[in-house]
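The values are calculated or read from the model by the stated rules, or taken from the named source; none is laboratory data. What you see is a predicted model; the values in this text were computed from it and never measured. In this analysis, Cβ positions are derived from the backbone assuming ideal geometry, glycine residues included, and neighbour counts consider all displayed protein chains.
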Amino acid sequence: MASERPFRAIPAVHELARDLGQLYPEAPENLLVMVARDVTEELRREISAGKRTHLDPQEVLNLARKRVEEKLAFSLRPVINATGVVVHTNLGRSLLPEEAVEALTEIAARYSNLEFDLQRGQRGSRYSHVEEILCELTGAEEALVVNNNAAAVLLTLNTLALGREVIVSRGELVEIGGSFRIPDVMVRSGAILREVGATNRTHLRDYEAAINENTALIMKVHKSNFAIVGFSKEVSGAELVLLGHEHGLPVVEDLGSGCFIDFSRYGLLKEPTVQEVVGAGLDVVTFSGDKLLGGPQAGLIVGRGEFIRRLKKNPLNRAVRIDKLTLAALEATLRLYRDLEQAVKRIPTLALITMPASQVKKKAQSLLRRLRKEKIPHLKARLVKTVSRVGGGALPLASPPSYAVALSVDGWSAARLEKALRASTPPVISRIEADKVYLDMRTVLPEEINLIVRLLKKIWGE
Ligand SMILES: *Cc1c(COP(=O)(O)O)cnc(C)c1O
């Protein structure tokens with residue numbers, strides 16, 4: 001039976017709100033009253049249910065303070081990515097290069113020539129700012145950029161295949177995280193999916209047999225987040241181009257991640273580069289701005305002028321258009337690709353993916369040294385070898401060797417420590433392996449190492 005006493009520690013709503021007002025003079029009064037009401041009601045319920053048998057006024061105030069701070073904090077905020085997944089879709093995919101951050105900051109706070117032709121003094125096109133450089137980098141005739149690659153695929157299908165058939169191999173009907181599926185996008189675009197081949201094997205003759213008077217185009221989808229191994233066969237873009245053009249059909253490829261550099265030079269598997277795909281004669285190629293390219297979220301479309309111009313005129317293009325901040329960041333990122341050596345150093349996604357294990361090890365050792373110096377009671381830390389992931393539905397088979405700091409606390413489950421790190425400010429996102437909390441140092445930035453030490457100390461109130 002709940003005693004009367006814990007109830008007595010619950011103050012009146014207006015008193016608690018007043019106390020909070022002294023601690024947070026800048027906070028809006030209605031927010032404080034709301035917190036005070038929520039906290040007092042919640043405590044009353046907990047005591048009635050027998051979940052709390054003891055309560056003192058300090059506990060009430062601490063709880064209320066925590067709530068106020070949660071409400072005052074930004075919802076979208078930085079976290080430390082210690083998962084080792086470089087292009088982590090849930091953690092914001094790519095980190096922008098400094099040059100891109102500068103460009104977007106400058107454009108954000110000032111007027112710009114977004115849609116103004118400075119030479120002719122009249123209305124211009126927002127796409128002009130990246131079109132030339134995209135053509136220069138990929139060898140395409142024309143280019144267009146939209147909100148993301150999902151939009152690029154939708155716009156391409158809707159423009160070139162409305163009410164008509166699109167031939168796709170059964171081995172390429174992919175689903176990307178976040179419910180993007182080729183068959184579903186096809187339906188929404190108004191195109192009709194014509195599946196050919198089997199899951200593991202599709203032949204050129206399968207495509208050929210499916211062509212009829214209602215065929216609009218042949219589509220290839222890059223298997224960005226999975227692989228079909230063993231008894232398998234797929235038809236190359238170049239072969240499809242020959243077939244398509246023989247029948248007067250455009251051939252389109254959704255490249256997914258899309259990259260400009262050859263990852264095999266860095267010990268990773270080879271992904272087709274955009275230049276290669278364009279060079280193979282594909283008529284329209286779509287890819288993401290924030291996966292392997294390492295720029296802002298965007299959908300990039302490059303290809304033959306006659307098709308890109310039709311895409312630009314589609315009214316749907318207005319609904320999926322790119323905004324000026326993205327454009328600014330995208331132009332700055334693309335410019336870095338003029339020097340591939342520099343690009344790999346200056347674009348964080350590329351730098352993190354290609355970082356040699358020895359360099360990751362140095363970051364791990366640096367964290368370990370600092371943790372040992374601090375001697376946090378009960379915390380055990382050691383260096384472990386592990387593998388990172390590229391993530392973002394890119395290079396699914398790549399597992400770059402990496403190093404992690406494995407943490408454990410006497411008497412704590414790994415889940416409890418993982419949660420405590422996640423509740424820190426900024427939150428540290430880790431992963432659990434073999435009952436330990438792993439901080440994979442590939443994705444931890446050097447300037448975050450000291451911060452992690454401070455956050456760990458804070459967990460024990462030090
Ligand atoms: C990631 C991906 C998409 C979606 O790209 P977003 O930029 O996330 O919209 C589409 N197709 C493929 C093959 C992908 O890998």
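Residue-level check: of (1) assigned to a loop (DSSP other than H, G, I, E, B); (2) at pLDDT 90 or above, A2 misses just (2). The numbered conditions (1) surrounded by 14 or more Cβ atoms within 10 Å (Cβ to Cβ); (2) within 16 Å of the ligand (Cβ to nearest atom); (3) modelled with pLDDT under 95 are all true for V274 except (3). Looking across the stretch 67-83 at every residue that is loosely packed, with under 12 Cβ neighbours inside 10 Å and free of Cβ contacts under 8 Å to residues at least 12 places away in the same chain, the one that is farthest from the chain's Cα centre (by Cα) is identified as E70. Got at least one residue in the stretch 232-253 being at pLDDT below 90 and within 16 Å of the ligand (Cβ to nearest atom)? No; the residues of the stretch 232-253 include none that is at pLDDT below 90 and within 16 Å of the ligand (Cβ to nearest atom).
Scanning the stretch 310-335 for residues that are under 23 Å from T89 (Cα atoms), in contact with a helix residue (DSSP H, G or I) (Cβ under 6 Å, 6 or more places away or on another chain) and not charged (D, E, K, R) turns up V320, L325, L327, A328, A329, L330, A332, T333, L334.
The lone criterion from (1) away from the ligand (no atom under 16 Å from the Cβ); (2) within 30 Å of V387 (Cα to Cα); (3) touching a Gly at 6+ places or on another chain (Cβ under 6 Å) left unmet by A298 is number (1). In this structure, is E172 away from the ligand (no atom under 12 Å from the Cβ), among the acidic types (D, E), in the same structural domain as I322 (by TED's automatic domain parsing) and touching a helix residue (DSSP H, G or I) at 6+ places or on another chain (Cβ under 9 Å)? The answer is no for E172. For the stretch 346-361, a tally of residues being free of Cβ contacts under 8 Å to residues at least 24 places away in the same chain and farther than 12 Å from Y266 by Cβ returns 2.
The set of residues from the stretch 250-261 being farther than 19 Å from L173 by Cβ and more than 21 Å from the chain's Cα centre (by Cα) comprises just one member, P250. Scan the stretch 314-325 for residues that are in a helix (DSSP H, G or I) and touching a residue at least 60 places away in the same chain (Cβ under 8 Å) and the total you get is 4. The set of residues in the stretch 175-227 being of a type outside the set (F, W, Y), part of a loop (DSSP other than H, G, I, E, B), surrounded by fewer than 20 Cβ atoms within 10 Å (Cβ to Cβ) and within 16 Å of the ligand (Cβ to nearest atom) consists of G177, G178, S179, K223, N225, A227.
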